[in-house]
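A short write-up of the structure that comes next.
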Amino acid sequence: MSKLSKSTCFVGVDVGTGSVRAGVFDDAGHLLGSSSSSISIRQPEPGHFEQSSEEIWRACCTSVRQALRQSSRSSEDVAGIAFDATCSLVIQGNVPLSVGHDLPDDVPCRSGAGYDIIMWCDHRATQEASMINESKHRLLDFVGGKVFPEMELPKLAWLKKYRPDTYAAATHFYDLADYLLHRASDFGGETAAGIRSQCTVVCKWNFDAEKRDWAPDFFEMSGLGDLQTSKIGKGSDVKGLGSAVSLGQKAAADLGLSKSTTLGVGAIDAHAGGLGCLGAAPADSWPPLEARMALIAGTSACHMTSSSKAFLIPGVWGPFDSAMVPGLFLHEAGQSAAGAALDYVMETHPSFPALEKKASAAGAKPVDFLCEHILALAKQRNTSQVSFLTRGIFVGPDLNGNRSPLADPSLRGSIIGLGPAGDNMRATSIDALAVLYLAMVQALSYSTRAIVDTINSSRAREGITAIHAVHVCGGLAQNSLYLQEHCDVLGLPFCCTDNPGADVIRGSAMLAATASGEFQSVYEAMRGMSQTGKLLEPTSDITLKEYHKARYEIFLRMQREQQEYNSIESQVFEAHAKRIKRPREELKPHLPPEAKTEDFEDFLAWLDQENKASPIPRPKDPRLSQTVAGVAFKETEMVRLCALEKRPELNGCKAEVLRVNDPSQPGRIVVKLESGSQLAIRPENLQQIVAASPDLRPKSPKSPKLSEKPAEPANKAAGPDPAKSSVFGAAFAKLKAKAEAEARGELPERKKPREKEDLDKRGGIGSSLPAGQARRELVMGSSTTPTQSKDSKEVQEEDEPAKKRDPITFVAAEGRHEPPSRKVTVIDPRRPKRQLEEESDDEDVGIPGVVRPQCPPGTKENGGPPRQPTSPPQKAAKATPEPVCQMPAAPPRGLAKTVPTSPVPSKTFASPLRRPNMPLQNMTLVVSDGAREADKAVYDRRMTEIVLTLLFGFGDAVLKAQKELAEKKRAMEDGKRPIYFSS
């Protein structure tokens with residue numbers, strides 16, 4: 001170590017999620033002064049988080065100046081400065097660019113400082129990460145087998161797909177720490193692309209550290225084959241941690257430093273925290289560096305271990321060569337939400353306002369007051385251990401997915417054990433919040449234990465020592481409840497520095513000291529500038545150990561079962577996606593030869609790309625809500641209505657645009673029809689009459705060649721003219737000729753489309769009549785014309801008027817007290833067969849399927865005593881069997897009961913309308929013996945009409961059917977046998 005002077009100091013700058021902190025340290029690691037500045041976060045939609053690089057740079061300059069002023073050191077005393085930051089993606093161009101998904105792609109931000117950063121916690125690139133993981137590239141082995149949406153390449157793939165203009169206009173893509181390094185060098189230095197830190201590119205950019213270069217084939221598999229090294233830096237631009245870079249003159253003035261200050265290559269914030277806390281050794285027998293784990297616990301949590309041997313750990317990132325400690329391989333695990341998960345539980349609870357009020361009165365932070373309340377609650381309930389308060393409450397902490405060791409971004413948080421219901425005051429109390437907060441702390445500790453067990457299992461296979469100590473830093477290192485629960489669950493000692501909240505900026509100061517030459521290596525800076533603090537040992541309680549062991553098993557089971565739940569649910573959507581996809585293998589064989597052209601091959605390739613990508617539909621830009629694909633409507637302009645589903649009669653009508661931006665009708669355009677009425681119409685339902693209608697296909701990705709065709713005229717907005725198609729032109733011509741002939745009335749009667757009257761005759765769905773009423777009118781005729789549409793009435797006027805048929809009255813089959821008349825019992829043949837006695841009368845035969853009025857209360861049918869007949873029952877044996885006539889059954893809708901066909905043998909008459917092998921379904925008409933002689937002529941005519949209408953239709957079979965009907969009628973009158981007609 002070469003001492004510069006006693007007043008020499010070093011500045012470390014840490015850019016966190018919501019603030020920028022700067023600290024001034026001496027060569028022993030003592031904090032001389034610090035300052036922080038908040039930075040804003042933009043969240044345009046769920047899962048999207050953005051920041052401004054210009055705002056962050058101004059916050060860095062402000063924080064450094066204030067920290068230097070607080071330390072009472074001058075700018076000449078600062079020998080070096082280094083930056084660490086979150087692993088956020090920065091997009092820079094010649095003009096300010098914006099990455100907002102809700103903003104137009106071709107419009108740069110006009111607010112002066114654009115939101116040009118996609119934050120580390122942004123999960124918009126989940127689908128792109130899955131696509132990259134499908135490549136199974138060898139570089140994926142170094143990130144636990146899967147890239148996470150928080151990494152940079154998935155974000156770049158998302159940017160290229162959804163913001164192609166921004167992607168093309170960008171001149172540089174940075175990790176945030178590298179951007180600050182390049183900005184501090186006035187965007188100069190050895191290369192125009194800027195020096196890149198080995199820590200950032202290896203851990204978050206899938207840089208091939210073994211070959212010291214990028215992997216072009218991996219870019220191709222990620223959909224980034226056009227990514228230029230001039231935008232991300234060459235392999236030679238990657239430098240190790242603590243390497244020296246010249247500070248720019250303009251940046252020195254902005255930061256309030258001397259031009260002679262050395263700029264050091266920085267790191268990701270978590271890795272800087274590992275450097276700041278791992279160097280401390282509270283005892284001589286403390287485990288070596290390879291047996292220590294750094295736990296950087298803040299908004300998220302990172303678990304870092306180092307070893308001299310490179311090996312893979314499932315679900316854990318690494319090994320990364322010299323990504324944290326030069327010369328050692330780094331393994332990195334983590335939790336996407338740690339402090340964020342605790343804040344979520346606390347701030348979303350109903351009792352949080354009351355907690356804030358009490359904490360403010362006590363002059364404490366809400367989280368500190370809540371931790372004290374948990375300790376007091378344990379004493380109040382006479383609990384031997386604070387951990388026992390969570391008995392019966394089980395929490396899953398993966399609110400933002402599981403980064404390690406499952407590498408499953410689809411997991412979410414969960415709570416088991418809520419209740420009992422009915423006691424709302426208890427459920428919304430601070431006591432309930434305290435128990436839930438403690439349960440979340442324990443869940444995070446169980447997640448850390450799962451990570452440690454995975455790392456130790458892989459280390460044992462490689463013959464490397466297990467983890468024996470944990471060094472913790474970050475904001476949660478100041479939470480005593482968090483530390484003790486982790487210590488008890490892991491069963492390992494925890495070590496903290498004297499100021500764990502400053503360990504991250506201390507790590508950056510170590511890199512600055514190494515760059516300035518104060519220390520010969522980063523490892524020497526770690527040993528020389530680390531501060532030993534408190535040591536925390538696990539609680540020696542056997543019951544507590546067994547308690548945490550049991551809850552840890554429950555925690556692992558909850559994770560496995562949630563993955564199973566997600567898998568079961570996703571199978572539904574995967575099956576749906578397979579049903580709607582039309583791959584080329586299924587589509588191409590069904591096309592005519594003339595359709596298999598080069599253009600269609602390109603279209604199939606584009607279709608395959610769309611099906612594979614399955615992008616989420618991009619939300620519409622509110623500022624372009626009054627346009628359709630770039631076509632803006634103006635007031636007083638004449639337009640034509642189209643594609644209206646609810647009011648199709650208005651399609652094709654002309655209208656005048658009255659108001660385009662009407663506050664009372666957001667997203668709609670008010671138009672005035674020629675009739676004078678005003679309507680609020682969506683822009684996509686309007687067409688400009690003069691200008692050509694736009695191409696409504698999606699812009700990105702474009703369909704090759706098909707999208708390059710000239711625009712169609714305005715009257716072709718619904719699609720190309722099928723008559724001019726070389727593939728479908730002939731078929732369209734036939735359909736058009738058929739439609740014109742039908743309009744002229746030249747088609748045969750059977751070819752005409754069915755009118756509303758047909759539905760009315762059938763009854764049921766689509767009919768204006770009940771099913772039962774429609775069937776009765778079908779059999780017996782009706783003097784009342786069913787409700788018809790206007791078109792059906794016109795068709796009826798053109799045809800010959802139908803003959804009026806005498807009605808057949810349906811009456812009860814039992815009870816012969818009414819005057820003799822035609823009585824017909826309708827029996828459906830689809831009920832299970834039952835034997836009919838030869839001597840039974842029509843009441844017994846017709847009971848199962850007879851159409852009769854409802855029996856009054858108290859009758860036998862309604863469960864009461866049998867009804868006394870008004871006249872003696874007629875049970876006399878008949879010399880002549882009951883005349884029976886079988887006919888095809890009516891449709892099944894509306895029939896309450898059915899009965900099989902009578903077992904009496906019959907002769908079957910073939911119908912010209914009957915299909916081969918069609919099952920016989922018959923309806924039996926039983927005519928009572930009380931029919932009067934005067935009705936026989938009417939009966940003959942009605943039976944003929946029924947048989948001809950239902951069975952034979954119209955044609956050559958009419959004369960044959962009439963002849964056979966007459967012969968069977970004579971046989972029936974002679975009493976020889978019943979007659980059956982069936983199809």
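Would you please calculate the Kirkwood hydrodynamic radius of segment 276-389 over all C-alpha pairs and express it in Å, rounded to one decimal?
On the way: mean 1/r = 0.0571 Å⁻¹.
Computed over segment 276-389, the radius equals 17.5 Å.
Report Rg (one decimal) and Dmax (nearest whole number) for segment 24-106, counting Cα atoms only, units Å.
My reading of the Cα-based Rg and Dmax gives 17.0, 52 Å.
Kindly give the semi-axes, whole Å and largest first, of the ellipsoid equivalent to segment 26-162, taking each as the square root of 5 times a Cα gyration tensor eigenvalue. Walk me through the numbers on the way to the answer.
Working: eigenvalues 233, 94, 27 Å².
Working through the eigenvalues yields semi-axes of 34, 22, 12 Å.
If each of Ala680 and Ser130 carries a label point 7 Å out from its Cα toward its Cβ, how far apart are those two points in nm?
3.7 nm
Arranged from highest to lowest average of other beta-carbon atoms within 10 Å per residue, in what order do the peptides 530-537, 487-494, 471-478, 733-740 appear?
Numbers: 530-537: 17.0, 487-494: 20.5, 471-478: 25.1, 733-740: 10.9.
Top to bottom by mean Cβ count within 10 Å: 471-478, 487-494, 530-537, 733-740.
Over segment 52-91, what lengths in whole Å, largest first, do the semi-axes of the equivalent ellipsoid take, defined as the square roots of 5 times the eigenvalues of the alpha-carbon gyration tensor? Don't jump to the answer; show the numbers that get you there.
Numbers: eigenvalues 117, 27, 11 Å².
Value: 24, 12, 8 Å, ordered largest first.
For segment 170-273, what does the alpha-carbon gyration tensor say about shape, rounded, prolate or oblate, given a ≥ b ≥ c as the root eigenvalues, a/c under 1.5 as rounded, and a/b over b/c as prolate? Walk me through the numbers on the way to the answer.
Working: a/c = 2.37, a/b = 1.78, b/c = 1.33.
Prolate, because a/c is 1.5 or more and a/b exceeds b/c.
Principal axes first, then extents: for the Cα atoms of segment 336-476, list largest minus smallest coordinate on each axis, whole Å, largest first.
Largest to smallest, the principal-axis extents are 54, 30, 27 Å.
How large are Rg and Dmax for segment 485-540 when calculated on the C-alpha trace, in angstrom?
Considering segment 485-540 through its Cα atoms, Rg and Dmax are 14.5, 47 Å.
For segment 225-383, compute the number of Lys pairs whose alpha carbons are separated by less than 20 Å, excluding pairs fewer than 8 positions apart on the same chain. If you can, show how the numbers build up before the last one.
Numbers: Lys231/Lys239; Lys250/Lys259; Lys357/Lys365; Lys358/Lys379.
For segment 225-383, qualifying lysine pairs total 4.
What residues of segment 147-175 lie in the reach of a label at Lys231, counting those whose backbone N is under 17 Å from a point 7 Å from the Cα along Cα→Cβ?
152-175
Using the Kirkwood formula over every pair of different C-alpha atoms, what hydrodynamic radius in Å results for segment 226-301?
Working: mean 1/r = 0.0621 Å⁻¹.
This gives a value of 16.1 Å.
Could you tell me how many cubic angstrom of Cα convex hull volume segment 299-344 has per residue? Each step should come with its number before you reach the end.
Working: hull volume 2.8 nm³, N = 46.
Normalising the Cα hull of segment 299-344 by residue number yields 60 Å³.
Starting from the alpha-carbon convex hull of segment 636-678, give the projected area averaged over all orientations, in nm². Walk me through the numbers before you get to the answer.
Numbers: hull surface 12.8 nm².
Projected over every direction and averaged, the Cα hull of segment 636-678 covers 3.2 nm².
Using only Cα atoms, figure out Rg for segment 526-565 and give it as a multiple of 2.2 N^0.38 Å. Each step should come with its number before you reach the end.
Details: Rg = 18.0 Å, N = 40, 2.2 N^0.38 = 8.9 Å.
Taking the Cα Rg and dividing by 2.2 N^0.38 Å, one obtains 2.01.
Treat each spin label as a single point 7 Å out from the Cα along the C-beta direction, and report the Gln385 to Lys309 distance in nm.
That separation, rounded to one decimal, is 3.4 nm.
So what is the relative contact order of segment 345-443, in percent, for Cα pairs below 8 Å that sit 6 or more residues apart? Mind showing how you got there, number by number?
Numbers: 101 pairs, mean separation 34.1, N = 99.
With pairs under 8 Å counted, the relative contact order is 34 percent.
In whole Hz, with x marking every Gly and Pro, tabulate ³J(HN,Hα) for segment 52-59 from phi via Karplus 6.51 cos²θ - 1.76 cosθ + 1.60, θ = phi - 60°.
10, 5, 5, 5, 5, 5, 5, 5
What number, in percent, do you get for the relative contact order of segment 1-86 if the mean sequence gap of Cα pairs under 8 Å and at least 6 apart is divided by its residue count? Provide the component values of the computation, followed by the final result.
Working: 153 pairs, mean separation 33.0, N = 86.
In percent, rounded to a whole number, it is 38.
Which FRET efficiency value, to the nearest 0.05, do you get for Asn566 and Glu742 by plugging their Cβ-Cβ distance into 1/(1 + (r/R0)^6) with R0 = 35 Å?
Values: r = 54 Å, r/R0 = 1.55.
That pair, Asn566 with Glu742, gives E of 0.05.
Based on the alpha carbons, how large is the Rg to Rh ratio for segment 467-578 when Rh follows Kirkwood?
Numbers: Rg = 21.5 Å, Rh = 17.7 Å.
Using Cα coordinates only, the ratio equals 1.21.
In Å, what Rg and Dmax follow from the Cα atoms of segment 119-216?
14.0, 40
All of the numbers you see were taken from the coordinates with simple rules; none came from a lab. Keep in mind it's a predicted model, so treat the numbers as computed, not measured. Cβ coordinates were reconstructed from backbone atoms using ideal geometry, including for glycine residues, and neighbour counts include every protein chain displayed.
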